[in-house]
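Bear in mind these aren't lab numbers, they're just calculated from the coordinates by the rules spelled out. This structure is a prediction, so every number in the text was calculated from the model and none was measured. Note that we place each Cβ from the backbone using ideal geometry, even for glycine, and neighbour counts take in every protein chain shown.
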Amino acid sequence: MMEDDPALGEPSPAASNPATSNIDLSTDTSLVVDISDALSEHEKVKFTVHTKTTLPEFRQSEFSVVREHDEFVWLHDRYVENEEYAGIVIPPAPPRPDFDESRDKLYRLGQSEGQMTKAEFQKMKAELEAEYLAEFKKTVAMHEVFLSRIAGHARLRNEHNFRVFLEYKDELQVRGKNKKEKLGGLFKSFGKTVDEAMLANYKDVDESFEKEKQFLSAYHVKVKDATRFADRMTRAHKGVADSHIVIALCLHQLGTSDPTALSKFLTKIGDTFERSRKFEGRVSTDCDLKLSDTLRYYERDSQAALDLLYRRTKSLANLEKANTALTKARTKGKGVGEAESAQKTCEEKFNHLSEIGKQELAQFKARRLTQFRKNFTELAELQIKHAKAQLKLLRDVSEALQ
């Protein structure tokens, strides 16, 4: 399915059964959610969310709805704002679709069409369209991972708003935040940052949680830096591949413009650069998918784990305040009943959050280690494969030119 996108002047990609991202998903098949189709329309993307289930809570066993990005964010916020899920590592919301850079590149290429040969223009255009399509498919995959993580979680999957998201056929009437709401969200975020700063040096009564907090704080910073370096390396590989296009075209032009003894040599070398470009492009794509995207996802997922620890520390602080208030009430002999009730509520909440949180953090660690090992092993195997192919290419060219 293809639709014209006037903003690009080119067909916009529709992703059919996009490849699942490099993030681990549940093997439970009682509730399977995927994105069967997606369509880019101007400034928004429409995702077809397909559900297949054997759970009795749903009216049908298989159904589909169309959702937009803001509705995914709305669903994520419902979990974050619900204290019932305070002890859970809530899957990070998928990033907002952003194809402005790819569109700008296509637009600039169109503007400079008269300044290059037809062959050069077609190759550059094909490269940019492939880059745009790859970014589109990655966006679709990250939205699918978000839903699959929820569907595979024993508690998150039972949320009423999740069933509404999956089953309600019409739009959810979710809109982006206006300026007032954005400002309110900014103040709320600022308040959370202040609270985090105040609780940063708060000594946890449980040594295991204290160690986890110190580890994740350092880990989050390091994985964030690693993501930036990985992106830089990926761009470097992409730059090499793009430069090979220009070199190959120049060599072909030299080889065909004036037949000489060097024509065959130049043409052969041009073909070599063209084939080498494809290898470099694959290396860039593999690094992006297996390395950069894995790091980027766990940068966001580790922040979700830190948010869990923040909520637990805040619950501990509330419990200690309740203990202090109860001591004062008993000393004064006033409001003891209310203070005891408040203290009991805080204690139950803290203990419940701690119990669930410990399980969630253990699962987060196992999930993270498994996925890093899997993706990095696959990346190493792909790099070896491409290196061998490039070496064979150079040997073949060397023998052909002798």
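Annotations
- Alpha-carbon spread of the range 290-399, three principal axes, descending order, Å: 97, 17, 13
- Between the range 124-168 and the range 287-319, the Cα center-to-center distance that results, in Å: 19
- Using θ = phi - 60° and Karplus 6.51 cos²θ - 1.76 cosθ + 1.60, couplings along the range 158-168 (whole Hz; Gly, Pro as x): 8, 5, 4, 5, 5, 5, 4, 4, 7, 9, 5
- Under a Gaussian network description of the chain, with springs only between Cα atoms under 10 Å, the residue in Ala261, Ala154, Ala387 that fluctuates furthest is Ala261.
- Net dipole in debye of the chain [+1 Lys, Arg Cβ; -1 Asp, Glu Cβ; about Cα centre; nearest 20]: 1140
- Result for the chain in a Gaussian network model with C-alpha springs under 10 Å: among Asn351, Asn318, Asn82, the largest mean-square fluctuation is at Asn82.
- Summarising the label geometry, the points placed 7 Å from Cα in the beta-carbon direction at Ala154 and Arg275 lie 5.5 nm from one another.
- Sites matching GluC sites (Glu not before Pro) across the range 38-126 that sit in DSSP coil, with at most 13 neighbouring C-beta atoms within 10 Å: Glu43, Glu57, Glu81
- Computed over the range 219-367: relative contact order in percent, which uses C-alpha pairs under 8 Å that are six or more apart: 24
- Taking 0.36 nm per residue of separation and subtracting the Cα-Cα distance, full extension of the segment from His386 to Arg235 would add 52.6 nm.
- Rounded to the nearest 10 degrees, the angle from helix 336-401 to the longest Cα principal axis of the chain is 10 degrees.
- Given charges at Cβ of Lys, Arg, Asp, Glu: the range 252-331 dipole, positive-most of Ala325, Thr267, Leu254: Ala325
- Order by protection proxy (mean Cβ within 10 Å, highest first), peptides 297-307, 236-246: 297-307, 236-246
- Modelled FRET efficiency - R0 56 Å, Arg330 with Ala218, Cβ distances, 0.05 increments: 0.85
- Contact order normalised by residue count of the chain, Cα under 8 Å, 6+ apart, percent: 18
- Whether the range 236-351 is rounded, prolate or oblate, judged on the alpha carbon gyration tensor where a/c under 1.5 counts as rounded: prolate
- Among Ala325, Ala38, Ala86: highest mean-square fluctuation, GNM of the chain, C-alpha pairs under 10 Å: Ala325
- Around the amide H of Val45, modelled in the peptide plane, lie the amide H atoms of His69, all under 5 Å away and 5 or more residues distant in sequence or on another chain.
- Estimated at 0.36 nm per residue, the fully extended path between Leu133 and Glu347 surpasses their Cα-Cα distance by 71.9 nm.
- Using the Cβ-Cβ distance between Thr54 and Gln363 with R0 set to 30 Å, the FRET efficiency works out to roughly 0.80.
- Cα-based reach from Lys388 at 14 Å (exclusive), listing aspartates and glutamates while leaving out same-chain residues under 8 positions away: Glu280, Asp396
- Using the Karplus relation 6.51 cos²θ - 1.76 cosθ + 1.60 with θ = phi - 60°, the per-residue 3J(HN,Hα) values for the range 91-96 come to x, x, 5, x, x, 5 Hz, with x marking Gly and Pro.
- Near the amide H of Ile35, within less than 5 Å, lie the amide hydrogens of His50, all on another chain or at least 5 residues away, with H placed in the peptide plane.
- Structure-derived log10 I(q)/I(0) by the Debye sum over Cα atoms at q = 0.08, 0.09, 0.12 Å⁻¹ - corresponding label in (1) -0.47, -0.59, -1.00; (2) -0.64, -0.73, -0.99; (3) -0.58, -0.71, -1.09: (3)
- Crossing angle, helix 100-111 versus the chain [Cα axis fit, 0-90 degrees, rounded to tens]: 20
- Only Cα pairs under 8 Å and 6+ residues apart enter the sum, and on that basis the relative contact order of the range 294-402 stands at 29 percent.
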